[in-house]
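Enquirer: I'd like to ask you about the structure that follows.
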Amino acid sequence: HEIMEGPGLGEDEISEVRPDIVYVSLSGFGEKGPFAGKPVYDPIVQALSGLASVQGGSDEQRPRLLRTILPDKLTAITASQAITAALLARERTGEGQHVRLSMLDAVVAFLWSSDMGGQTYVGHDVSQQRAASFIDLIYETRDGHMSVAVMTNPQWKALAEVTGHPEWLDDPRFATTELRDLNINERLELIQSVLVERTTNEWMALLEPAGVPCAPVLHRKDMIHHPQVQASGIVTENDHPVAGRLRQARNAARFSGTAPEHRFGAPQLGEHTDEILREAGFSDAEIVQMRKQGTV
C-alpha cells in the first residue's frame, strides 16, 4: 500500500476514480509493529510464524523449512478467496472495501486449527510442544519409501495382522488411539522394522485390500505418470508456439457450469499489444503511429 501511494495509486486516489473498488494490500508482516517495515522472504515468514518449528517435529528438534514456498503461495490463495468474498459483498451492497493481508497473517491462521492446540487455552500453555502424530509417517521399504497412516482401531488391527504381528494388539502401549499417539516413537519404530522387509508394491498389494491408508512416496518425475494422477486429469499438456509441448497442472477446482479454459500458454513479450489496443478503441493507424513513436 505504501509503495503504491508513491506514484499516486493509493486507496484514496483509486477510490476517487472508482468508488466501488476492491483495493487489496499485501505485506510481509502487516501494517504495524516492529517488523512492519522489514524486508521479507518466504523462509523469514516460515521462521517467525512457527511453521519451521512445526516442521521440525517438536520444540526439542532442530527447526526445518518446508522445501516449497508455502507462505508465498498460501498468501496468494488466501488473497484470492478474500477478493472473491469482497466482490460478492460488492454485488450485494454496491460498495467496495480495502482488504489487507500479510504473509504472517495467512500462515498463522493456516496453522492454528491443526498445530496450535497448546496455545488455544489461555492460562494453560504448554512448556514444550511434542511431535504431532502425523510427523514423519514416511517409512523405508526394500526398494524405496511409502507412507502408512493408521488412526482408527480397525486400521491398527488390520496393519498388525497384515504385517504378521498380531502381538502388537496385546501391547498396552498401543491399546487405544490416544496411547498410540502418546507412544508414537515406539510405534513408528516397530512399523519401520517390518516395512523394510518388503518392496513398496508388495506392501501396497497387502495393505490396500485390508483398508490400511497407504501410498507410495513418488518422485516428481514419477508422480506425473501415476495412474491416479492420470485418471484425475490433474496434469495437462498443451502446445506452445515457441517452447513446444508443455505440461502443467490444471486448475485444481472443477466447476460444473463455468469450467476454466486453457487456450494458450504464457504470451511472448508484447504478443497481444495490438489486440489489446484495438479493444481499447484505437484504430490500426493509431497503433502504427504509436509503434513508430516507440509508445508501444
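Enquirer: Using a cut-off of 17 Å between alpha-carbon atoms, which aspartates and glutamates can reach Lys73, once sequence neighbours fewer than 8 places away in the same chain are excluded?
Expert: Output for Lys73: Asp42, Asp105.
Enquirer: A further question on this structure: Return the loop-located trypsin sites (Lys or Arg not before Pro) in the stretch 1-95 (DSSP other than H, G, I, E, B) with at most 14 other Cβ atoms within 10 Å of their own Cβ; answer none if there are none.
Expert: In loop regions of the stretch 1-95 (DSSP not H, G, I, E or B), the sparsely surrounded trypsin sites (Lys or Arg not before Pro) are Lys32, Arg64, Arg67.
Enquirer: A follow-up question, please. Near Lys292, which aspartates and glutamates are there with a Cα under 16 Å away, not counting those fewer than 8 places off in the same chain?
Expert: Partners within reach: Asp274, Asp284.
Enquirer: Determine the distance separating the Cα centre of the stretch 146-175 from the Cα centre of the stretch 5-69; give it in Å without decimals.
Expert: The two parts, judged by their Cα centres, are 43 Å apart.
Enquirer: Pulled fully out, how much extra length does the chain show between His219 and Ala82, if you take 0.36 nm times their separation in residues and subtract their Cα-Cα distance?
Expert: Details: separation 137, 0.36 × 137 = 49.32 nm, distance 3.37 nm.
Difference between extended and current length: 46.0 nm.
Enquirer: While we're on this one: Please compute the length gained on full extension between Val99 and Thr236, using 0.36 nm multiplied by the number of residues separating them and subtracting their Cα-Cα distance. Walk me through the numbers on the way to the answer.
Expert: On the way: separation 137, 0.36 × 137 = 49.32 nm, distance 3.36 nm.
Value of the extension gain: 46.0 nm.
Enquirer: By the scheme Lys and Arg +1, Asp and Glu -1, what is the net charge of all other residues having a beta-carbon under 14 Å from that of Gly94?
Expert: On the way: positive: Arg18, Arg90, Arg92; negative: Asp20, Glu91, Glu95.
Overall, the nearby charge balance is 0.
Enquirer: So, one more: With viscosity set to 1.002 mPa s at 20 °C, what whole-number translational diffusion coefficient in µm²/s follows for the stretch 237-296 from Stokes-Einstein and a Kirkwood radius over Cα pairs?
Expert: On the way: Rh = 14.5 Å.
Calculated translational D: 148 µm²/s.
Enquirer: Whenever you get a sec, compute what percent of the accessible area on the chain sits on carbon and sulfur atoms (1.4 Å probe).
Expert: Working: 10990 of 20170 Å².
Whole-percent figure for carbon plus sulfur exposure: 55.
Enquirer: Restricting to bridges with both residues inside the chain, how much of the DSSP beta-bridge set is antiparallel, in percent to the nearest 5?
Expert: Working: 12 of 18 bridges.
Antiparallel bridges make up about 65 percent of those DSSP assigns within the chain.
Enquirer: Something else about it: What share of Cα pairs, in percent, lie more than 20 angstrom apart in the stretch 134-238?
Expert: Working: 2272 of 5460 pairs.
So the pairs more than 20 Å apart make up 42 percent of the total in the stretch 134-238.
Enquirer: Let me ask something additional. Counting only heavy atoms of protein chains, what accessible area per residue, in Å², does the stretch 108-229 have with a probe of 1.4 Å? Let's see the in-between values first.
Expert: Details: 7670 Å² over 122 residues.
Computed with neighbouring chains in place, this is 63 Å² per residue.
Enquirer: Using alpha carbons only, how many angstrom separate the centre of the stretch 177-239 from the centre of the stretch 281-296?
Expert: First find each Cα centre; the distance between them is then 59 Å.
Enquirer: Can you return the aspartates and glutamates within cross-link range of Lys38? Criterion is Cα-Cα under 14 Å, with same-chain partners fewer than 8 residues away left out.
Expert: Once the sequence-local aspartates and glutamates are set aside, what remains near Lys38 is Glu2.
Enquirer: What's the Kirkwood radius of the chain in Å, using all Cα pairs?
Expert: Working: mean 1/r = 0.0406 Å⁻¹.
Taking the inverse mean of 1/r over all distinct Cα pairs, the chain comes out at 24.7 Å.
Enquirer: If amide hydrogens are placed 1.01 Å from N in the peptide plane, which non-local residues have theirs closer than 5 Å to the one on Ser27?
Expert: Leu101, Ser102, Met103
Enquirer: If you consider only alpha-carbon coordinates, what radius of gyration and Dmax does the stretch 71-212 have, in Å?
Expert: That works out to 21.9, 66 Å for Rg and Dmax.
The values are calculated or read from the model by the stated rules, or taken from the named source; none is laboratory data. Everything numeric here is computed off the predicted structure, so don't read it as measured data. Neighbour counts are summed over all protein chains in view; Cβ atoms, including those assigned to glycine, are modelled from backbone coordinates with ideal geometry. Heavy atoms of the whole protein, side chains included, go into the accessibility calculation; ligands, DNA and RNA do not. Shrake-Rupley method; radii C 1.70, N 1.55, O 1.52, S 1.80 Å.
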